[in-house]
Amino acid sequence: DAKGKELAAQIQPINGKIVVVGIGMSNWTQDLCSGKWPSCTTGSFIRTANADARVNHANLVLVDCAQGGHTVNTWLDDSRGSYTTCKDRLAAEGLTEDQIQVVLWKNAIPKPASSLSASTSCTPNSTVDACKYANLLGQVVRALKSRYPNLKQMFLHSRTYGGYALTDLNPEPYAYEYGFATKWLIQAQINQIGTGKINPLVGDLDYRTGIAPWIAWGPYFWASDNNPRSDGLVWLETDFRSNDRTHPSADGVKKVADLMMQWYLTSLYTPWFRTSGE
């Protein structure tokens, strides 16, 4: 908590801009921008943020670097051109990789097949998809920090509901179980800072040595179909595209964007997002 606030206060413009990038897969680019780059459709997060007077428009730049089909393993390196595409999108805005200070992450493993019910513990070689995702995410965190030396904060967003899925791309219970993988990664960093012990599942996450950014939850997107959670969030079939019930419809994109706006406008760790800077 203290380090998150400290780093948030340190996030100041580099060459005039605070650059925040979204990294992830198809669902994430639809949530963030949802249109052919660089235009963003109404209801998406970046379009909504860019039109909101409460958001810091003086020097904050939000860039969607998420890409269709670029699941977690494709961000381990640039073999699929994931980082090159992001670099090109930054360049289109007159920005560079060295200006990136915050990453907003959402991703998954395609076609998961082994749920947590199959195991009670995770190891680096586990075949359980939530375990594999946590392991890969630990590697990605270090890759991001290596690629973006000024990266200070990384906010993790787990999946929305997947119970309506018509394909095996990312159904339940896996969409829900990514939340556990996210929790494990964040907890591993907290524990490592406190004890000095590296979690073998996710690897070294010590932000003090510069090998990783400070990691935390972003807003939590999962809710159980049409059963309202405590804040009233539900996921309906109409929140997903009819062809696969996995990728978000315009309604689903707006729900995610609304959750993100509420969270980033109020979080103690994101003063750089707000006009007030507090």
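The table below gives the values:
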read-out	value
Any hit, the stretch 93-107, residues being open to solvent by less than 10 Å² (accessible area, probe 1.4 Å) and farther than 18 Å from Ile18 by Cβ	yes
Pair list, Cβ < 7 Å and 6+ apart or interchain, from the stretch 52-81 residues that are farther than 13 Å from Gly22 by Cα to residues that are among the charged types (D, E, K, R) and not in a loop (DSSP other than H, G, I, E, B)	Arg54/Arg274; Val55/Arg274; Asn56/Arg274; Asn59/Lys17
Those residues of the stretch 239-266 which are open to solvent by 70 Å² or more (accessible area, probe 1.4 Å), more than 16 Å from Cys33 (Cβ to Cβ) and either touching a residue at least 60 places away in the same chain (Cβ under 8 Å) or assigned to a helix (DSSP H, G or I) (or both), in sequence order	Asn243, Asp251, Gln262
Residues satisfying the stated conditions in the stretch 70-84, i.e. of a type outside the set (Gly, Ala, Ser) and touching a Ser or Thr at 6+ places or on another chain (Cβ under 7 Å)	His70, Thr74, Trp75, Asp78, Arg80
Among the residues listed as Ser117, Ser146, the single one being part of a helix (DSSP H, G or I), over 19 Å from the mean Cα position of the chain (by Cα), surrounded by fewer than 17 Cβ atoms within 10 Å (Cβ to Cβ) and not charged (D, E, K, R)	Ser117
Candidates Tyr269, Tyr176, filtered to the one that is touching a residue at least 40 places away in the same chain (Cβ under 8 Å), open to solvent by 20 Å² or more (accessible area, probe 1.4 Å), of a type in the set (Phe, Trp, Tyr) and not in a helix (DSSP H, G or I)	Tyr269
Residue pairs meeting the criteria (Cβ under 7 Å; at least 6 apart or on separate chains; first part of a loop (DSSP other than H, G, I, E, B), in the stretch 226-238; second open to solvent by less than 90 Å² (accessible area, probe 1.4 Å) and hydrophobic (A, V, I, L, M, F, W, C))	Asn226/Val234; Asn226/Leu236; Asn227/Val234; Pro228/Val234; Arg229/Ala223; Leu233/Ala223; Val234/Ala223; Trp235/Ala223
Residue within the stretch 108-123 that is over 20 Å from Glu172 (Cα atoms) and touching a residue at least 12 places away in the same chain (Cβ under 8 Å) present	yes
Only one of Arg208, Arg159 that is at negative phi, among the charged types (D, E, K, R), open to solvent by less than 20 Å² (accessible area, probe 1.4 Å) and at pLDDT 95 or above	Arg159
Helices (runs of 4 or more DSSP H) completely within the stretch 1-61 that count 1 or more residues being of a type in the set (Ser, Thr, Tyr) and in contact with an Asp or Glu (Cβ under 6 Å, 6 or more places away or on another chain)	26-32
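The values are calculated or read from the model by the stated rules, or taken from the named source; none is laboratory data. Note that the structure is predicted; figures quoted are calculated from it, not measured. Here Cβ is always computed from backbone atoms with ideal geometry, including for glycine, and neighbour counts include all displayed protein chains. In case anyone asks, the SASA skips ligands and DNA or RNA and just uses the protein heavy atoms, side chains included. Shrake-Rupley method; radii C 1.70, N 1.55, O 1.52, S 1.80 Å.
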